[in-house]
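Report on one structure; see the data block that follows.
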Amino acid sequence: MFRLGLGSAGTILGVVCLVIGVPLWLLSAVPILVYVPRGKLITSGPFALMLHPLYTAVALLVIPGCGLLFGSWLGVALGVVLYTSARHFERSEEQDLAARFPQDYPAYRKRVLLPWL
């Protein structure tokens with residue numbers, strides 16, 4: 001019922017998504033756990049590439065990668081729904097960061113390589 005039917009191509013694509021997504025997720029999660037409780041703005045590592053690497057890694061790579069690996073379109077669909085939902089909630093997070101870091105956050109946003117991702 002949920003089968004993609006991509007065969008080995010889907011499996012390979014799933015592995016590639018996971019090989020990229022899991023380290024990106026870890027490299028994003030650790031700084032959040034360390035620096036956010038200290039009230040610091042994170043601007044390096046994956047955060048220099050995109051504004052929300054944690055959301056992006058999980059929604060566009062890890063969950064769809066698992067779906068592809070197991071041959072199910074459900075993982076891909078859940079990833080799209082999660083990414084769309086995260087984009088909606090990011091607005092309030094970005095407003096909060098702009099208020100907490102009125103000089104640093106706008107400057108950081110201008111330096112991010114892929115601000116739309």
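Can you name the residue in the range 99-108 that is hydrophobic (A, V, I, L, M, F, W, C) and surrounded by fewer than 14 Cβ atoms within 10 Å (Cβ to Cβ) and, of all such residues, is nearest to residue 24 (Cα to Cα)? Steps first, answer last, please.
Initial filter on the range 99-108 (hydrophobic (A, V, I, L, M, F, W, C)): 99, 101, 107.
Okay, now just the ones that are also surrounded by fewer than 14 Cβ atoms within 10 Å (Cβ to Cβ), so 99, 107.
On the way: 99: 27, 107: 23 Å.
Step by step, filter the range 99-108, then rank; the result is 107.
Taking (1) in contact with a helix residue (DSSP H, G or I) (Cβ under 8 Å, 6 or more places away or on another chain); (2) open to solvent by 30 Å² or more (accessible area, probe 1.4 Å); (3) among the charged types (D, E, K, R) in turn, residue 93 satisfies each apart from (1).
In the range 1-112, which helices (runs of 4 or more DSSP H) lie fully inside it and hold 3 or more residues that are among the basic types (Lys, Arg)?
Working: elements: 7-35, 46-49, 53-56, 63-69, 73-100, 104-111.
So the answer is 73-100, 104-111.
Within the range 48-60, restricting attention to residues that are crowded, with 21+ Cβ neighbours inside 10 Å and among the small types (Gly, Ala, Ser), the residue that is farthest from residue 16 (Cα to Cα) is 59.
Taken as a whole, the structure leaves residue 63 outside the set of residues that are open to solvent by less than 70 Å² (accessible area, probe 1.4 Å), modelled with pLDDT of 85 or more, β-branched (Val, Ile, Thr) and more than 30 Å from residue 7 (Cα to Cα).
Comparison of 111, 87 shows that the only residue that is basic (Lys, Arg) and loosely packed, with under 13 Cβ neighbours inside 10 Å is 111. Checked against (1) open to solvent by 40 Å² or more (accessible area, probe 1.4 Å); (2) at negative phi; (3) free of Cβ contacts under 8 Å to residues at least 40 places away in the same chain, residue 31 meets all criteria but (1). Taking the range 24-81 as the range and being of a type in the set (Ser, Thr, Tyr) and closer than 18 Å to residue 114 by Cβ as the test, the residues that pass are 28, 43, 44, 55, 56.
The values are calculated or read from the model by the stated rules, or taken from the named source; none is laboratory data. Owing to the predicted nature of the structure, the values given are computational and were not obtained by experimental measurement. Note that we place each Cβ from the backbone using ideal geometry, even for glycine, and neighbour counts take in every protein chain shown. SASA here: full protein model, heavy atoms, side chains in, ligands and nucleic acids out. Shrake-Rupley method; radii C 1.70, N 1.55, O 1.52, S 1.80 Å.
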